[in-house]
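Notes follow once the structure below has been shown.
The values are calculated or read from the model by the stated rules, or taken from the named source; none is laboratory data. Just so we're clear, the structure is a prediction, and the values are computed from it rather than from any experiment. Methodologically, a virtual Cβ is constructed for each residue, glycine included, from the backbone with ideal geometry; neighbour enumeration extends over all protein chains shown.
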Amino acid sequence: MFTRLAFITLSFLWGSSVQAQIGVSSPPVLRPASVTCTDMAARKQVPCPDSELFFHEGQAPVQSALNARNFAELDALYDRWCVGKDRFPDGRWKLSQYEAALSGNFNAWGAWAKDLEVITAWQKSAPRSAAARFAEAVYWHAYAWKARGEGYASSVSKEGWELFRERLAKADAAMAKFPKMMECAAPHALRLNLLTGQGATEAQFLKAYEEAASKFPEYHSIHFAMAQHYEPKWGGSAAQYEAFADRVAARTKGFEGMGMYARLYWIVDTRQGQPFTNSPTQPPSWRKLKAGYQDLMRLYPSSMHNLGKFAGVACRSREGELYRKLRTAIAGHQETADMLDPVDVCDRRHGWVESKG
């Protein structure tokens, strides 16, 4: 297991000198020269798994600033991540964790009235702050889902639906009041998520998606949010989801090759979603998944998250040699690899044995 340590930042280097280029259309970005965690079993410092970086480099700074009412820092983080393309080892933007940090904080404490007071104070202190307006929209979106709950639609009460719709409308209004907010990628993904909750028409989805994807084609969360519209549980179908995944992979080929196809399927690779089953008739296609993960590993070779996901789908393929190779690469990190099947099941299935050397 890994302890959550403060980052060790010795100096800053161009990312291209320490890892592979992040997409052909992206310039090198500044990254810390040394960011490590401690493997308590081995008693040594090791590269942090992506999940630790998502928290420490993404969510923790935002939550810390919010809890301290450090509005200047909240604005600075948002503006920097909006303008730049600071990324995690798996290739996703740090900006994607800004909304996650806010909604996670709101839900964790459940102090909804107090949180709204904080956001109002932030807006008063910084009337031109896009981050403060975005925070309000995130707040109402999170608060709406608090009323609805995460269960099936049939389990939601009449009052729950009423509060859900009212709060989504307030999130929508918060975004409409500050058009400048849309100069950043994150609000576009949130707008698509709002449309899903509001049961928007296909035309409304496509209009919002095309606007977003044309401005920010490399922002994964925009494609993830649109993909939700095609999930069977939201009224789509497996065939529609596959067609969308193919279209997005073609659209982003110059950026991540087939990588976006793999990404779009890992967000639904759950027992209740659309897991990879290695069926010749049921998507996703192993041929396309494999190509996608190979492109992601070529572009982001240090990502334990991508590697673990690749191992997870390789486990369900017939390529035992590939699984054993990937499994060896994640040895010691397997608990953070986010695999669908239990890792010991995969090990037995493909005959992987840990090397004693």
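Here are the numbers for the structure shown:
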{"item": "The one condition in (1) modelled with pLDDT of 95 or more; (2) assigned to a helix (DSSP H, G or I) that Glu335 fails to fulfil", "result": "(1)"}
{"item": "Failed item in (1) among the β-branched types (Val, Ile, Thr); (2) more than 18 Å from Cys82 (Cβ to Cβ); (3) touching a residue at least 40 places away in the same chain (Cβ under 8 Å), with Val138 passing the rest", "result": "(2)"}
{"item": "Residue in region 309-331 that is in a loop (DSSP other than H, G, I, E, B), polar (S, T, N, Q) and at pLDDT below 95 present", "result": "no"}
{"item": "Residue ranges of helices (runs of 4 or more DSSP H) in region 89-202 with at least 3 members on the phi < 0 side of the Ramachandran plot and acidic (Asp, Glu)", "result": "158-176"}
{"item": "So Pro342, is it over 26 Å from His229 (Cβ atoms), out of contact with any strand residue (DSSP E or B) (no Cβ under 6 Å at 6 or more places or on another chain), surrounded by fewer than 21 Cβ atoms within 10 Å (Cβ to Cβ) and in contact (Cβ under 8 Å) with a residue 40 or more places away in the chain", "result": "no"}
{"item": "Test result for Glu242, in contact with a Pro (Cβ under 7 Å, 6 or more places away or on another chain), without any contact (Cβ under 8 Å) to a residue 60 or more places away in the chain and part of a helix (DSSP H, G or I)", "result": "yes"}
